[in-house]
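Everything below concerns the one structure shown next.
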């Protein structure tokens, strides 16, 4: 259940009176935003307008809204102008369901009567109401998950309508990833219940009559049935193929076997590959889609947090070789990504942590408001609170979409996404794929990169501490990593780790490259001299193996 229900709309829409009725029906507290502003400020709304102006009131309104969203789930009647600020819109969408109560200027004026306590209507009357509502209408609509018409309806009827729409699936959020041309991009749709709608949504994008649904054995048991049924209901014939769960399946051998199965099933160039699963399934099925008949359409249905915020977005597909992770692959963008956050409830704790580390990485690279929101919402995200998770996934996808859209083939900007992965991939390789969880490996890589950043790009020590604090909060702190990483470091030395990093695709000309944060949102990709790197690895390894549990 979402944290809050927000009622928005113009003055006279009935937000407060309807809100009290809805709160009583739902058994939730009711909060009137204007009353909270007056309580906090010790002054009435008209007095605040008179003494501080509209800008001063909007600051007080934002501060009160920030306090409300941090409290217990409530029904909140907002002020008519709350949607005027982008940061307010973000708070509303991130922390609950928004219902817009629509009303005409004429009916609003008839309901409010005297306008002496309505500062924005002073001396303007109906003409002012029409002008104000005209400028806000698109903002109300853009912020809302649902719209309820109040014209000619009693308050009790409007309250019933609000409760009715709450039973509907919240509106999905769509992030566009750019392509090489205007028509070669694709949408990442984030929301609830998307797997059940996958067939129709795929048919809206692709004119296909056949598809192969690829999943692993675990995911197939949980979700393949509903997806296959949805595809068939959309008149798409389906062949289901599954692989063994785990990183070991992301191999040259499994890819060859899967391609043979594609051919035996009679797939042709008009067919689509639907990848249902986490990063392993997405990478493997995506690579096979790129290779089969020189490329057929690909759709991602990511079922892990890691895949939703990272691997399903960007068009990179790959399999592992014995020499390193993701060394054989292709850039093959999907035609559609459907990120159904409902499936995240079933993730094991370790998989959840893997995804949280990648989400934290994206937040640090994005900096600004995205990082502030992530740090603020970590307690809710960790316990999988629906609204917080939806917001975190959207922020991470928006960041990666912007990066990928400007650098489709990793020629420059996209390299920032390797933060933490240079050392992380080396540790995964040396431990044996599947032994060291990806999230813990990347977390250790991020901590090491933060220490390098202090020495090489002048990052402040408090950024290292901030990085450590975030990773600790999402369950990938040093104490979590130690029991898994320490046995590896007992048998491999800095020279072996350096050798593994040199074999990674991120190195160039034998020089290992690291993504280093100078500050949140500011990064550098630098080649690190072997001598400097070995010295850093020795100090890191010594402190790690010497640390306690």
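Details
- Percent of alpha-carbon pairs separated by more than 25 Å within the range 409-546: 19 percent
- Degrees separating the helix 252-264 axis from the principal Cα axis of the chain, which is the longest one: 70 degrees
- Derived from the Cα gyration tensor, the three semi-axes of the equivalent ellipsoid of the range 4-166 are 22, 20, 14 Å, largest first.
- DSSP bridge orientation in the chain - percent antiparallel, rounded to nearest 5: 30 percent
- Relative to one another, the C-alpha centroids of the range 242-318 and the range 462-513 are positioned 28 Å apart.
- Three-way shape call for the range 173-347 based on the alpha-carbon gyration tensor, with the a/c threshold at 1.5: rounded
- Taking Cα atoms only, the orientation of helix 368-382 departs from the longest principal axis of the chain by about 80 degrees.
- If the chain linking residue 24 and residue 519 were pulled fully straight, counting 0.36 nm for each residue of separation and taking away their Cα-Cα distance, it would gain 173.5 nm.
- Judged by the mean number of other Cβ atoms found within 10 Å, the most tightly packed of the peptides 347-360, 44-57, 225-238, 274-287 leads the ranking 274-287, 347-360, 225-238, 44-57.
- Highest mean packing comes first when the peptides 313-320, 491-498, 430-437 are listed by Cβ atoms within 10 Å, giving 313-320, 430-437, 491-498.
- Among beta bridges that DSSP assigns inside the range 173-347, antiparallel share in %, nearest 5: 30 percent
- Folded to 0 to 90 degrees: helix 155-166 orientation relative to the chain principal axis, Cα: 10 degrees
- Peptide ranges 372-383, 522-533 listed from the most packed, as the mean C-beta count within 10 angstrom indicates: 372-383, 522-533
- Percent of alpha-carbon pairs separated by more than 11 Å within the range 315-360: 76 percent
- Residues 501, 293, arranged from fewest to most other Cβ atoms within 10 angstrom of their Cβ, appear as 293, 501.
Any read-out appearing in this document is the output of simple, stated calculations on the displayed coordinates, not a laboratory observation. Here the structure is a predicted model, which means the values were calculated and not measured. So basically every Cβ, Gly included, is an ideal-geometry build from the backbone, and we count neighbours across all protein chains shown.
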